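These notes are about the structure you will find just below.
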Amino acid sequence: MTKKYKLMMKVPKTPKSAYDHGRFISSLIEHQIKHFSEVEKSLLKPGQKLTDISKIKTELQASKYLKRMTALLHPQGADKPRRAAQPKKPTKTAKGAKRKSKVKTKRVKRKSR
Amino acid sequence: MPPAGLDNLKHIVVLMMENRSFDHMLGSLTKQYPKINGLTGNESNPDMNGTMVQVQPNAKFQGQLDHDPDHHFPGVDLQIFGGTPPGPGRVANMQGFIKSYATQGTSINDSHAIMSYFPPKSLPVLTKLATEFAVFNGWFSSIPGPTICNRAFAHYGTSFGNVDMNLFYIQDPIQSIYERMVQAGHTAKIYYYDQQSSTMEIVNLLKNQPQIFGSYSQFVADCNGNTLPEYSFIEPCYNDHPGPGGGQVLASDQHPDHNVQEGERFIANTYNAIRTNQQLWETTALLVVYDEHGGIYDHVVPPACQSDGYSATADKTGTGEAFNFDRLGIRVPAILVSPYVPRGTVIPGTEDPNGLVFEHACIPGTVTSFFLKNYDQATVREKNSRNFLTPLTDTLRPDDDCWVFDL
């Protein structure tokens with residue numbers, strides 16, 4: 001059974017609009033890719049061609065290259081990201097429970113956001 | 001006799017975020033918590049017109065620093081010394097942040113954004129951790145430069161003479177903290193977020209030591225299953241990419257221009273993974289720290305430090321002057337979390353004559369001294385580093401006295 005906690009603080013959700021896998025890569029990711037490219041050279045088999053990393057411009061392109069290379073070096077890391085177990089708040093009073101249900105209704109109404 | 005907090009300590013977890021300065025993230029807390037060495041609100045920098053621009057509590061989660069502020073060695077030199085060229089007797093004044101940002105093609109108005117900071121309500125997670133546990137007033141990045149060389153100090157206690165983002169190779173006899181731990185029969189792991197984000201510790205560690213890596217998913221599972229290593233280093237997600245089942249995975253590293261709120265959620269999730277396992281909570285210390293300031297304003301002059309015996313030549317630094325690793329980089333947020341840390345602990349820094357200076361070499365330095373006791377090959381900077389576990393006391397705070405985040 002999940003434990004209930006006395007002191008709980010709600011953390012705001014990140015807006016979906018924050019996501020942009022077409023964002024141009026930063027200098028940090030550019031160098032991360034360069035480092036992986038150095039590793040790739042040492043992993044090439046006869047006849048294989050080195051990835052042209054100069055064509056990697058966006059975070060999506062970078063993530064695909066990083067996934068391919070990381071899978072070669074560390075296949076154990078292929079599992080799905082997960083969140084920590086979600087803790088429960090202490091049992092609500094009837095009044096508190098009623099307020100919570102109102103909030104839920106509001107959320108349903110704002111589904112277009 | 002060590003305090004009970006140290007006596008019961010079995011796990012040290014370090015979460016290293018990206019590119020935000022102390023004042024930018026925590027500077028606003030000074031008004032409510034005067035011991036925290038943040039902002040008065042009167043700090044300023046000149047812009048390219050010579051107009052003095054004050055710090056402003058108008059930092060945005062995203063879209064404000066979309067030109068990645070310069071944090072390479074010459075840029076940070078400009079930020080610290082205000083544009084005074086290298087030479088004897090020049091004085092650090094922290095007056096070159098706007099000038100530096102203006103060189104990146106930003107308009108005069110946009111260059112002022114480098115002076116922005118977050119009010120506490122914008123960063124509920126970081127604020128809660130800083131005020132509920134221990135905040136370090138004097139934790140500096142190890143080098144006035146970018147990510148890779150600074151992260152190297154967290155893994156090796158040195159950057160092997162590098163001040164940039166280029167590949168470097170380990171020079172014997174120095175070993176990473178993970179190799180030291182494993183060879184001595186202890187356990188240690190670097191957890192990267194997922195394969196699409198991967199790790200910044202590629203050539204030396206992922207290529208040669210894949211057994212010391214795990215994914216963030218594995219970290220959460222290890223917390224739940226009481227299988228967490230003695231030492232863990234966590235890397236956030238460094239890019240936006242599609243998730244499993246058609247979902248979207250957001251970068252959580254807080255590197256500009258990634259969304260700062262998502263980083264807050266990542267910090268909260270990492271904290272919760274430890275906090276919600278009572279056995280783990282009582283035996284773990286979590287350090288949340290940033291690798292470097294990312295070009296963003298901080299008012300504290302970085303102090304001198306013990307040189308680690310390396311020197312970067314003038315052509316490597318790009319300033320026209322060699323660097324002997326005898327000065328630290330700009331100050332970053334650092335928070336130590338444990339139920340043995342009293343609420344509202346502030347570790348004084350350079351503002352106090354008796355204050356303490358911390359930098360990333362403190363990470364392998366502290367982990368080595370705690371788990372391995374005597375280790376001959378620690379680097380010069382590690383040997384001179386402060387132990388970041390000193391805020392742990394004898395008193396275990398009651399479970400009802402420590403927060404949990406609702407994600």
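No value in this document is a laboratory result; all are computed from the given coordinates. These numbers were taken from a predicted model, which means no experiment stands behind them. As a convention, Cβ positions derive from the backbone with ideal geometry for all residues, glycine included, and neighbour counts pool all protein chains shown.
Of note:
- Helix-only [θ]222 nm of chain B, DSSP H runs n ≥ 4, -39500 (n - 2.57) each, per residue, nearest 500: -6000 deg cm²/dmol
- Taken residue by residue and averaged, Cβ atoms of other chains lying within 10 Å of the Cβ of A:68-76 number 6.
- Among the listed pairs A:Lys6/B:Lys35; A:Lys13/A:Lys57; A:Lys64/B:Lys99, a Cα-Cα separation exceeding 31 Å is found for A:Lys64/B:Lys99.
- Local electrostatic count at B:Gly96 - Lys and Arg +1, Asp and Glu -1, tallied over other residues with Cβ under 14 Å: -3
- B:Tyr297 sits among other residues whose Cβ lies under 14 Å from its own Cβ, and their net charge, with Lys and Arg +1 and Asp and Glu -1, is -3.
- Amide H to amide H distances under 5 Å link B:His186 with no residue, where only residues 5 or more positions off or on other chains count and H is placed in the peptide plane.
- Cα-based shape type of region B:165-258, given that a ≥ b ≥ c are square roots of the gyration tensor eigenvalues and the cut on a/c is 1.5: oblate
- Computed from phi, the 3J(HN,Hα) profile of region B:308-324 under the Karplus parametrisation 6.51, -1.76, 1.60 (θ = phi - 60°) reads 9, x, 9, 9, 9, 5, 4, 6, 7, 6, x, 9, x, 9, 5, 10, 9 Hz, with x in place of Gly and Pro.
- Legend: P(r) of region A:21-78 from all alpha carbon pair distances, 10 Å bins from 0, whole percents, reading 23, 53, 23, 1.
- Quotient of the Cα radius of gyration of chain B and 2.2 N^0.38 Å, N being its number of residues: 0.93.
- Across peptide A:31-43, the average count of Cβ atoms from other chains found within 10 Å of a residue's Cβ is 5.
- When the Cα gyration tensor is reduced to axis lengths a ≥ b ≥ c, the ratio a/c stays below 1.5 for the protein assembly as shown, which is therefore classed as rounded.
- Relative contact order for chain B, counting Cα pairs under 8 Å that sit 6 or more residues apart, in percent: 28
- Unit charges on C-beta of K, R, D, E only; dipole of the protein assembly as shown, Debye: 3440
- Ordered by the count of other Cβ atoms within 10 Å of each Cβ, fewest first, B:Glu321, B:Glu18 give B:Glu321, B:Glu18.
- Scattering profile of region B:274-323 at q = 0.15, 0.19, 0.21 Å⁻¹ [log10 I(q)/I(0), Debye over alpha-carbon scatterers]: -0.73, -0.89, -0.97
- Across region A:21-78, the mean sequence separation of Cα contacts (distance under 8 Å, 6 or more residues apart), normalised by length, yields a relative contact order of 45 percent.
- For region B:1-47, alpha-carbon Rg over 2.2 N^0.38 Å: 1.80
- Cα-derived Rg to Rh of region B:208-290, Kirkwood definition: 0.98
- Only Lys, Arg (+1) and Asp, Glu (-1) charged, at Cβ; chain B dipole about Cα centre in debye: 500
- Under-5 Å amide H pairs with B:His360, H placed in peptide plane, nonlocal only: B:Ser142
- Each of A:Leu60, B:Met181, B:Phe325 was placed along the dipole of the protein assembly as shown (beta-carbon charges, centred on the mean Cα), and the one lying farthest toward the positive end is A:Leu60.
- Three-way shape label, region B:234-355, alpha-carbon gyration tensor, a/c 1.5: oblate
- For B:Ile234, the residues whose modelled amide H falls within less than 5 Å of its own, excluding neighbours fewer than 5 places apart on the same chain, are B:Val14, B:Leu15, B:Met16, B:Tyr191.
- Charge dipole of region B:7-53 about the Cα centre (unit charges at C-beta), most positive-ward option of B:Leu29, B:Thr51, B:His11: B:His11
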